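The values are calculated or read from the model by the stated rules, or taken from the named source; none is laboratory data. Everything numeric in this text was worked out from a predicted model, so none of it was measured. We place every Cβ from the backbone using ideal geometry, glycine too, and count neighbours over all the protein chains shown. All accessible areas refer to the heavy atoms of the entire protein, side chains included, with ligands and DNA or RNA removed. Shrake-Rupley method; radii C 1.70, N 1.55, O 1.52, S 1.80 Å.
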Amino acid sequence: MNIILTRPSAAPVLHALRSIGYKAKTAIADIVDNAIDAQASKITLHFEYDKLNGYIKIEDNGNGMSEEEIQTAMNIGAKDPRTKRSPNELGRFGMGLKTASFSLGKRLSVITKKDGVYHERCWDLDYVSECNEWNLLTSIPTPVKEVAGEINGSSGTVIIIDKLDRYMRNKKIQRKTFFSKTAQIQKHLEFVFHDLIDNNKIIISINDVELTPWDPFMTEHPSIIEGEETLWKLDGHKMKVKYTILPHASKLTRTEFKKAGGERGWRDHQGLYIYRENRLLHYGDWRNLFPKDTQSQLARVRIDISNEADSDWHVDVKKSMVTIPEQAIKILRPIAKEARDISREISYFRTQSSIAGSKIKGSLNTWEQSGKDSESPFVLNKSHPIYLELLKMLNEEQARMLNFFLKLIEIGSPVNIIAVPQLEDEIQNFTDQQLEMVHRFAETMTQLGLLNTKKEIIEALMTQPGFEMFNKSTLKYILEKESKE
Ligand SMILES: Nc1ncnc2c1ncn2[C@@H]1O[C@H](COP(=O)(O)OP(=O)(O)O)[C@@H](O)[C@H]1O
Ligand SMILES: [Mg+2]
């Protein structure tokens, strides 16, 4: 065979490498992966806006690297993706460190310590472009060294990325934007590594704030429904599957509800959660098994695979894309279907026994029946997506007013009104809830300046649907009752 060795020019390859489409958060997650692979128990991230014109520092107390290891590590394509990885290892292509770093900035400095000995290397892409050669610097520039600091303990690694042209969107973004990007990265790491933070006791912090894991399955919540965990073997590789159905919105506090919505909101958090070595790779849909829909949004299915299965699942360099192998689809489809069915049932539950044969069903219904029997009162569907959207736009005071108005609609709804004969002078029975409603009605109407005297309030209440079963004496009694307390 006649061959001729050709060396690709550095500059265009570089440009291509920088553009493989990392987002800042996936880039950082990839660098954190390396620290976890190096057995780190503590990973400290620092995002700096002022010094060095801004830099990102990722420090770990892992195994560190020898001279030879750091040299290989800085190679583009340090490892053959086909080699068998050690168990739990998150790396694959030997590209992550470089491509992730270069997607953020132009200079990557690595200082590492192993068995008490320091080693360092630096890629400066300005320099690479200038000479159009892959010239790796064997010492890092002084200003970078100054911010690197010492590595405590006998081993560990510090990664510093500066000349942050990409992270800064080719200009210097404002401080506020810089740190709101940092906040998004924090949220992402809390999600992607939630299991590792929770179980392996890995501590990750960003700018001195320790990350708290975000568990998409609400494992601690008493109202979740968990499917059975099943174990499978696909081409000799293990796969674990388990679904969780999250509680209906009516079972959650507002804070819980908002938190469970995660990065992208409830609808875009349904579906398959694919974990590789306990690190989340993919979420947010049912892949090509099913479409997303509102009724399935309570269903989240956890799938665990090992790094040995990478080629079957086509894990990409950025570890953000996977393709589910045909064999796995066969197993997952019925499990996912079961989870979706349960979610749908829970979303429907409240309207199930409404008017027989009614076509209006599901969580898009504005009205729901509060109990299973046909006598139970109707309530407004407080998990209706439009209502939830609206709540986000309102401040607390406005939300209170809206909720009160909706309550009036609820109790005044023609189907909820039960005619009760009125005895004029006798004080009728009333519930605590009714008492509260009368007071809130009075308060709100006075606040709005619509009604002023007690007499006006009582007159209004007597014609108000939902209160009209009370006689004048009772209303007067109720109104005075609390003011005495
Ligand atoms: N924080 C770190 N601590 C120790 N070794 C590291 C660290 N980061 C990277 N390395 C070494 O550099 C190599 C290349 O990393 P990377 O480019 O991300 O590829 P991959 O993770 O796919 O192996 C790793 O395999 C590892 O040996
Ligand atoms: Mg890696």
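Please state the relative contact order of region 113-157 as a whole percent: Cα pairs under 8 Å, 6+ residues apart?
Values: 37 pairs, mean separation 23.8, N = 45.
Worked out over region 113-157, it gives 53 percent.
Over 29 Å between C-alpha atoms is what I'm after, so list which of Lys201/Lys238; Lys106/Lys187; Lys23/Lys51; Lys259/Lys292; Lys42/Lys181; Lys181/Lys251 land there. Working shown, then result.
On the way: Lys201/Lys238 24 Å; Lys106/Lys187 25 Å; Lys23/Lys51 23 Å; Lys259/Lys292 20 Å; Lys42/Lys181 22 Å; Lys181/Lys251 33 Å.
Correct reply: Lys181/Lys251.
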Completion exercise
P(r) over all Cα-Cα pairs of the chain, 10 Å bins from 0 to the longest distance, whole percent per bin, short to long, reads 3, 16, 21, 18, 15, 11, 8, 5, 2, 0, 0, 0
Exercise for the section: Obtain the nm distance between the two label points defined at Trp232 and Lys171 by a simple spin-label model: each point lies 7 Å from its Cα along the Cα-to-C-beta direction. Expected result: 5.0 nm
Handout entry: Reachable lysines from Lys455, criterion Cα separation under 16 angstrom, eight or more residues apart if same chain
Key = Lys472, Lys476, Lys481
Practice task
Tell me which residues come under 5 Å, amide H to amide H, from Lys42 once H is placed; ignore anything under 5 positions away on its chain.
Solution key: Asn61, Ile203
Practice task
Before anything else, pin down the relative contact order of the chain: Cα pairs under 8 Å, at least 6 apart, normalised by residue count, whole percent.
Solution key: 11 percent
Handout entry: For region 35-43, 3J(HN,Hα) per residue [Karplus equation, 6.51 cos²θ - 1.76 cosθ + 1.60, θ = phi - 60°, Hz, x = Gly/Pro]
Key = 5, 5, 4, 8, 6, 5, 10, 9, 10
Exercise for the section: Could you pull the accessible area for Val117 with a 1.4 Å probe, rounded to 10 Å²? Expected result: 80 Å²
Fill in the blank from the handout: For the pair Ser9 and Lys258, the simple spin-label estimate (label points 7 Å beyond Cα toward Cβ) gives in nm 5.4 nm
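So what's the net charge close to Asp341: Lys and Arg +1, Asp and Glu -1, counting the other residues with Cβ under 13 Å from its Cβ? Each step should come with its number before you reach the end.
Numbers: positive: Arg333, Lys337, Arg340, Arg344; negative: Asp293, Glu338, Glu345.
Net local charge, Asp341 excluded: +1.
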Problem - Positive-end extreme of charge dipole, region 10-210 - chosen from Leu137, Thr99, Ser180 (charges on Cβ) - result: Ser180
Handout entry: Fully extended contour minus Cα-Cα distance, from Val117 to Ala460, at 0.36 nm per residue
Key = 115.1 nm
Handout entry: Reciprocal of mean inverse Cα separation for region 92-214 (Kirkwood radius, Å)
Key = 16.4 Å
Fill in the blank from the handout: accessible surface per residue for region 10-210, probe 1.4 Å, DNA/RNA/ligands not counted, whole Å² -> 46 Å²
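Using a 10 Å cut-off on Cβ atoms, rank the peptides 7-16, 57-66 from the highest mean neighbour count down.
Details: 7-16: 13.1, 57-66: 21.8.
Highest to lowest by the protection proxy: 57-66, 7-16.
Please report Rg over Rh for region 10-210, where both radii come from the alpha carbon positions and Rh follows the Kirkwood definition.
Dividing the radius of gyration by the Kirkwood radius yields 0.93.
With all protein chains present, how much of the accessible area of the chain (probe radius 1.4 Å) comes from carbon and sulfur, to the nearest whole percent? Let's see the in-between values first.
On the way: 13410 of 25520 Å².
It is 53 percent, rounded to a whole number.
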Handout entry: In order through region 260-265: 3J(HN,Hα) via Karplus (6.51 cos²θ - 1.76 cosθ + 1.60), integer Hz, x for Gly, Pro
Key = 5, x, x, 5, 10, x
Practice task
Pop out the ³J(HN,Hα) list for region 133-148 in order, Karplus 6.51 cos²θ - 1.76 cosθ + 1.60 with θ = phi - 60°, rounded to Hz; leave Gly and Pro as x.
Solution key: 9, 7, 8, 8, 7, 8, 9, 8, x, 3, x, 6, 4, 4, 8, 6
Problem - Mean accessible surface per residue for region 269-324, computed with a 1.4 Å probe while every protein chain stays in place, in Å² - result: 28 Å²
Problem - Cα-projected label distance for Gln447 with Gln398, points at 7 Å along beta-carbon direction, nm - result: 1.5 nm
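Given only helices, namely DSSP H runs of n ≥ 4 each adding -39500 (n - 2.57), what is the per-residue ellipticity at 222 nm of the chain, to the nearest 500 deg cm²/dmol?
So the helix-based figure for the chain works out to -11000 deg cm²/dmol.
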Problem - Furthest towards positive pole of dipole, Val209, Thr463, Leu125, structure part the chain, Cβ charges - result: Leu125
Completion exercise
Volume per residue (Å³) of the convex hull spanned by the alpha carbons of region 225-347 is 99 Å³
